[in-house]
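Before any comments, here is the structure.
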Amino acid sequence: MEASAPVARHIEPEPPEWQPRAIWVGGRLLCGSISFFFAAFLFAYFYLDALDVNHSWRIGPVHPSKGLGISIMALFLVGAVIYRLAARRPEVDELAAGIIAVVFSLAAVALQFFEYTTLDFGAASGGYAAVFFGWTATYAIVALMGIYWIETQTASLWRVRREGEREIEIPAGEAELIRAGIEAASFYWAYFVAIGVLAWIVLYIV
């Protein structure tokens, strides 16, 4: 007697018109997750500063370069503002804005790691130094993930434009999905850079 084939359940596909909204919501949820992640460093900074056990908050001359800190933050900020403007205003070219955001942000990450070679203290130079290295290094690594997202959106937009110039038929709804992806990526990136501004204020000014 032959075994009967398993009956497959019918899975209704997600309506295509839901996808832009899902991308929008996903970008906002991602902002919430990084908020909780980097809140740990903010808490550690003020908690260790308040305790200052054995006066080990700063051991020796622990003063990062404010000039490098401003340069890093300025590169992130300019790229984020231009990319967000491109998503909100039609007169700003999204492709050019995406390229600027990627280049400026990669330069900021490279400058962050270069800064480590100029410091006269290490991660063991007290509570401040530990938070400084942990926060900035983690921020730079997470930034690479956001830069990759921006790059994929920019590459997709470039491909669609090339196909349009060659009069190649573009699948229905693809252009709308790319616009939704750029909006979500630009919102997330602006929020992420805002967290970086907070980190810069805490680590370099406070």
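The values are calculated or read from the model by the stated rules, or taken from the named source; none is laboratory data. These figures come from a predicted structure and were not determined experimentally. Glycine gets a Cβ as well: all are built from the backbone with ideal geometry, and neighbour counts include every protein chain shown.
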(message) For segment 126-166, which positions are of a type in the set (Phe, Trp, Tyr) and touching a residue at least 24 places away in the same chain (Cβ under 8 Å)?
(response) TYR128, PHE132, TRP135, TYR139, TRP149, TRP158
(request) Please identify the pairs in which a residue from segment 59-71 that is among the small types (Gly, Ala, Ser) has its Cβ atom under 6 Å from the Cβ atom of a residue that is not in a helix (DSSP H, G or I), counting only partners at least 6 apart or on another chain. (result) GLY60/SER125
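Residue-wise test of (1) within 20 Å of ILE195 (Cβ to Cβ); (2) at pLDDT 95 or above; (3) among the aromatic types (Phe, Trp, Tyr).
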| position | (1), (2), (3) |
| --- | --- |
| ALA80 | yes, yes, no |
| GLY98 | no, yes, no |
| ALA101 | yes, yes, no |
| LEU111 | yes, yes, no |
| GLU115 | yes, yes, no |
| ILE141 | yes, yes, no |
| GLY146 | yes, yes, no |
| GLU163 | no, no, no |
| ARG166 | no, no, no |
(request) Filter segment 36-93 down to residues that are of a type in the set (A, V, I, L, M, F, W, C) and not in a helix (DSSP H, G or I) and give me whichever is farthest from TYR191 (Cα to Cα). (result) ILE59
(message) Looking only at residues that are more than 23 Å from the chain's Cα centre (by Cα) and hydrophobic (A, V, I, L, M, F, W, C) in segment 120-136, which one is surrounded by the fewest Cβ atoms within 10 Å (Cβ to Cβ)?
(response) ALA124
(request) Considering each of SER105, SER156 in turn, give the residue that is of a type in the set (Ser, Thr, Tyr), outside any loop (DSSP other than H, G, I, E, B), crowded, with 16+ Cβ neighbours inside 10 Å and modelled with pLDDT under 95. (result) SER156
(request) Could you run through segment 48-78 and say how many residues are of a type in the set (Ser, Thr, Tyr) and modelled with pLDDT of 95 or more? (result) 1
(message) Report every pair of residues separated by at least 6 positions or lying on different chains whose Cβ atoms are under 8 Å apart, first residue within segment 10-21 and farther than 22 Å from ARG179 by Cβ and modelled with pLDDT under 75, second among the acidic types (Asp, Glu) and exposed (fewer than 10 other Cβ atoms within 10 Å of the Cβ).
(response) none
